[in-house]
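Here's the structure, in structure tokens; my notes come after.
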Amino acid sequence: MPLDDKIKRFTGVIYRHIPSSPDENPKEYKYCGITEGRWNIGGEPTLYTGKSDVVCVCEYGRNMDKLGVSRDNALDRSIYKLSVELEFVLDLTDIVVLNNLGIDNIDAFKIQEKCRATAKHLRTSTKTQAIIVPSLALMDDLSKWCLVVFLEKVDTGENGFVKDCRFHRRFKISEVG
């Protein structure tokens with residue numbers, strides 16, 4: 001099956017966390033992709049979101065050391081619920097998609113270089129705007145995924161891919177284990 005046949009429209013709700021501050025805007029993306037992430041090299045505008053607020057909290061906890069954040073210097077975070085519409089999304093938790101990409105199993109995504117190479121290929125060689133990927137913090141449950149958005153391939157303006165954005169809740173670093 002050609003890869004293009006597996007690229008689907010995604011309309012739904014995702015969650016994003018940002019520092020709790022009146023100056024922060026959940027629809028502002030200027031810091032997305034400045035530094036490297038699992039699915040991008042530094043400089044590639046990339047938005048990391050979660051299927052649920054639980055995924056967001058777990059992923060933040062997993063990344064605290066890499067981000068240079070400790071329980072002592074961490075700001076509280078605000079989680080926002082985003083309603084989004086994306087035309088071209090590829091689900092990398094689907095074994096058929098993985099096999100089409102030459103990937104044997106989901107465990108390959110524990111290797112950061114494999115993630116970045118896969119994302120780079122999809123960013124530059126397909127119409128894919130976003131990918132559904134397993135949460136590394138919750139690898140044992142593929143229903144708890146992350147949506148990684150390639151911001152250079154979507155409209156981030158007022159009438160762009162985010163159709164609605166609402167505050168969901170705050171979380172304190174003490175929740176992160």
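Please pick out the residue among K144, K163, K110, K120 that is touching a residue at least 40 places away in the same chain (Cβ under 8 Å) and exposed (fewer than 14 other Cβ atoms within 10 Å of the Cβ).
Values: K144 fails: exposed (fewer than 14 other Cβ atoms within 10 Å of the Cβ); K110 fails: touching a residue at least 40 places away in the same chain (Cβ under 8 Å); K120 fails: exposed (fewer than 14 other Cβ atoms within 10 Å of the Cβ).
Only one candidate passes the filter, namely K163.
Would you check which residues across segment 1-48 are over 17 Å from V89 (Cβ atoms) and among the aromatic types (F, W, Y) and list them?
Matches in segment 1-48: Y29, Y31.
Residue by residue through segment 76-107, note down the ones that are modelled with pLDDT of 95 or more, surrounded by fewer than 18 Cβ atoms within 10 Å (Cβ to Cβ) and closer than 30 Å to E158 by Cα.
Selection gives K81, S83, E85, E87.
Check every one of the strands (runs of 3 or more DSSP E) wholly within segment 124-177 and list those with 3 or more residues that are closer than 23 Å to L101 by Cα.
Values: elements: 130-134, 145-150, 162-171.
Those strands (runs of 3 or more DSSP E) span 130-134, 145-150.
Hey, among the residues in segment 155-177 that are of a type in the set (V, I, T) and modelled with pLDDT of 95 or more, which one's nearest to A137 (Cα to Cα)?
Kept after step one, since they are of a type in the set (V, I, T), are these residues of segment 155-177: 156, 162, 173, 176.
So of that shortlist, the ones also modelled with pLDDT of 95 or more come out as 156, 162.
Working: T156: 28, V162: 25 Å.
The extreme case among them is V162.
Taking L142 and the conditions (1) closer than 21 Å to K114 by Cβ; (2) modelled with pLDDT of 95 or more; (3) in contact with a strand residue (DSSP E or B) (Cβ under 6 Å, 6 or more places away or on another chain), which numbered condition does it fall short on, given that it satisfies the others?
The failed condition is (2).
What number of residues within segment 129-151 are more than 14 Å from the chain's Cα centre (by Cα) and within 19 Å of C32 (Cα to Cα)?
0
Return the total of residues in segment 37-67 being assigned to a loop (DSSP other than H, G, I, E, B) and either more than 16 Å from R116 (Cα to Cα) or touching a residue at least 60 places away in the same chain (Cβ under 8 Å) (or both).
Narrowing segment 37-67 to residues assigned to a loop (DSSP other than H, G, I, E, B): 38-39, 41-45, 51-52, 64-67.
Then drop every residue that is not either more than 16 Å from R116 (Cα to Cα) or touching a residue at least 60 places away in the same chain (Cβ under 8 Å) (or both), which leaves 38-39, 41, 44-45, 51-52, 64-67.
Residues that pass the stated criteria total 11.
The values are calculated or read from the model by the stated rules, or taken from the named source; none is laboratory data. The model shown is predicted, which means the values in this text are computed figures rather than measured ones. Every residue, glycine among them, receives a Cβ derived from its backbone with ideal geometry; neighbour counts consider all protein chains shown.
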